[in-house]
Amino acid sequence: MTDRSLVSSTYALSQQHLERLRILLVEDDEGDAFLVRELLTEAEAPFELTVASSLREARELVAQAECVLLDLGLPDAEGIDGLRKLLAVAGSAAVCVLTGRSDEHLGVQAVAEGAQDYLVKGQVDGVWLVRALRYAVERKRADEAARRLREVELRQEESARLERGLLPKPLMQTTQVQVETFYRSGRAAGLLGGDFFDVVQIGEDKLHVIVGDVCGHGVDEAALGVELRVAWRALVLAGVPEEQVLASLEQVLMTERRAREVFATVASATIDLNHNRATVRLAGHPPPVVLGEGRATPVHARTGIVLGVRPTPTPATELEFTGDDWSLLMYTDGLIEGHTGPGNERLDVNGLCKLLDDPAAREVPLTGLPAWLVDRADRDNGGPLTDDVAMLLISRGGGR
């Protein structure tokens with residue numbers, strides 16, 4: 001047995017376990033079509049060969065093919081123009097071009113136009129032909145996978161730009177207080193979750209702030225959170241009385257939610273800068289924490305029920321700040337629901353206050369305190385917190 005025969009026999013055995021290759025040959029010369037079939041049979045490769053004698057006929061058959069073997073000299077399409085027309089309808093099928101010896105330069109041009117490969121008539125045997133066709137199919141699949149991946153990346157980038165644009169910028173002019181914000185979505189590959197926050201100044205001395213949490217972590221909850229934030233800002237800017245804002249926000253929630261079981265928790269505060277005090281309202285939300293006089297203390301506020309269950313007025317609690325050095329930390333429960341060790345104990349509000357009282361926390365600048373808190377909560381949890389986290393830190397003077 002010659003070396004060439006040995007290689008062919010070994011290759012034929014390897015082909016027996018491969019999937020059947022569906023080939024569409026676009027060739028108007030019956031002799032060349034017969035030769036291609038003989039070459040495929042010689043390689044003992046599993047294949048299904050369909051022959052089209054024109055581009056018009058090929059268009060009707062290409063959907064069933066994995067690979068198209070295209071002659072560039074057809075009665076209804078000549079040269080590269082025929083290739084372009086076929087590529088426009090080829091879909092997921094790989095395309096290999098057949099050229100004559102004198103037209104090899106067309107093969108190079110064909111690859112530049114989008115063909116997976118080119119073959120020169122009379123210079124390939126059966127083994128080479130089958131291998132070239134299979135490689136072309138794999139290259140096409142790889143190209144399609146790369147294209148789909150790029151499309152996903154572009155959609156993710158577009159979504160990220162959109163989500164960044166939906167995060168609010170505090171609407172305030174005062175320099176009496178500083179506001180630090182923090183937001184991290186618990187949604188995989190998402191920048192925006194169901195948590196929301198906002199800051200709006202009215203007049204020279206009133207600062208309205210809100211932090212809220214829509215139950216759930218999906219795209220629908222993220223969209224609803226944005227709607228509630230925008231609605232809240234509109235209500236405040238429209239001058240709706242403070243005691244009516246959350247009731248109106250609840251109406252928006254009940255109208256826009258996708259299911260009746262969807263609810264939201266909210267913590268809002270109206271800070272009177274001139275009188276150094278605030279009115280706090282909690283609708284099923286954890287209480288804010290005040291930093292002042294060297295310690296962190298939760299606000300002992302009356303808590304109403306969550307929004308969206310049974311419309312009920314949310315009680316107000318008056319808060320007096322002591323001195324001109326204080327901070328008010330408002331947050332969503334994603335910050336305090338993480339574990340604090342191997343057991344089931346959660347951080348909770350008291351644990352958050354202990355973190356804030358930690359000497360290490362007092363060394364952290366106020367601008368970096370929200371991020372520091374999340375980093376510590378992640379570490380104590382043994383990994384990233386699973387829920388969305390939103391925070392507002394409103395500080396006056398030294399802030400603590």
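Brief remarks on what is shown
- Test result for LEU18, open to solvent by 70 Å² or more (accessible area, probe 1.4 Å), among the aliphatic types (A, V, I, L, M) and at pLDDT 85 or above: no
- Identity of the residue in the range 293-318, hydroxyl-bearing (Ser, Thr, Tyr) and open to solvent by 30 Å² or more (accessible area, probe 1.4 Å), that ends up farthest from LEU366 (Cα to Cα): THR312
- Entry remark, the range 225-262: residues being under 24 Å from the mean Cα position of the chain (by Cα) and touching a residue at least 40 places away in the same chain (Cβ under 8 Å) number 4 in total.
- Among residues of the range 190-229 being open to solvent by 40 Å² or more (accessible area, probe 1.4 Å) and not charged (D, E, K, R), the one that is modelled with the lowest pLDDT is LEU191.
- Residue within the range 176-189 that is closer than 17 Å to LEU273 by Cβ and open to solvent by 60 Å² or more (accessible area, probe 1.4 Å) present: yes
- Matching residues in the range 309-346 - criterion: being among the aromatic types (Phe, Trp, Tyr) and not in a strand (DSSP E or B): PHE321
Residue by residue, here is whether (1) at pLDDT 90 or above; (2) closer than 18 Å to VAL137 by Cα; (3) not in a strand (DSSP E or B) holds:
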| residue | (1), (2), (3) |
| --- | --- |
| ARG22 | yes, yes, no |
| LEU40 | no, yes, yes |
| GLU44 | no, no, yes |
| VAL68 | yes, yes, no |
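- Each residue in the range 102-126 was checked for being under 23 Å from ALA43 (Cα atoms) and exposed (fewer than 15 other Cβ atoms within 10 Å of the Cβ), and 3 pass.
- Exclusive hit being open to solvent by 70 Å² or more (accessible area, probe 1.4 Å), in contact with a helix residue (DSSP H, G or I) (Cβ under 8 Å, 6 or more places away or on another chain) and either over 22 Å from VAL374 (Cβ atoms) or among the β-branched types (Val, Ile, Thr) (or both), set ARG277, ARG281, ARG258: ARG258
- When ALA264, ALA247 are checked against the criterion of being open to solvent by less than 20 Å² (accessible area, probe 1.4 Å) and either small (Gly, Ala, Ser) or touching an Asp or Glu at 6+ places or on another chain (Cβ under 7 Å) (or both), a single residue qualifies: ALA264.
- Only one entry in THR279, THR297, THR270, THR265 is more than 17 Å from VAL230 (Cβ to Cβ), under 34 Å from the mean Cα position of the chain (by Cα), at pLDDT 95 or above and part of a strand (DSSP E or B), namely THR265.
- Flag if THR99 is surrounded by 15 or more Cβ atoms within 10 Å (Cβ to Cβ), in contact with a Leu (Cβ under 9 Å, 6 or more places away or on another chain) and over 22 Å from GLU19 (Cα atoms): yes
- Considering ALA377, ALA361, ALA371, the condition of being surrounded by 15 or more Cβ atoms within 10 Å (Cβ to Cβ) and under 26 Å from ALA278 (Cα atoms) is satisfied by ALA361 alone.
The values are calculated or read from the model by the stated rules, or taken from the named source; none is laboratory data. In this text the structure is predicted, and so the values were computed from the model without any measurement. With ideal geometry, Cβ positions are generated from the backbone for all residues, glycine too; neighbour counts draw on all protein chains shown. Calculation scope for accessible area: heavy atoms of the full protein, side chains included, ligands and nucleic acids excluded. Shrake-Rupley method; radii C 1.70, N 1.55, O 1.52, S 1.80 Å.
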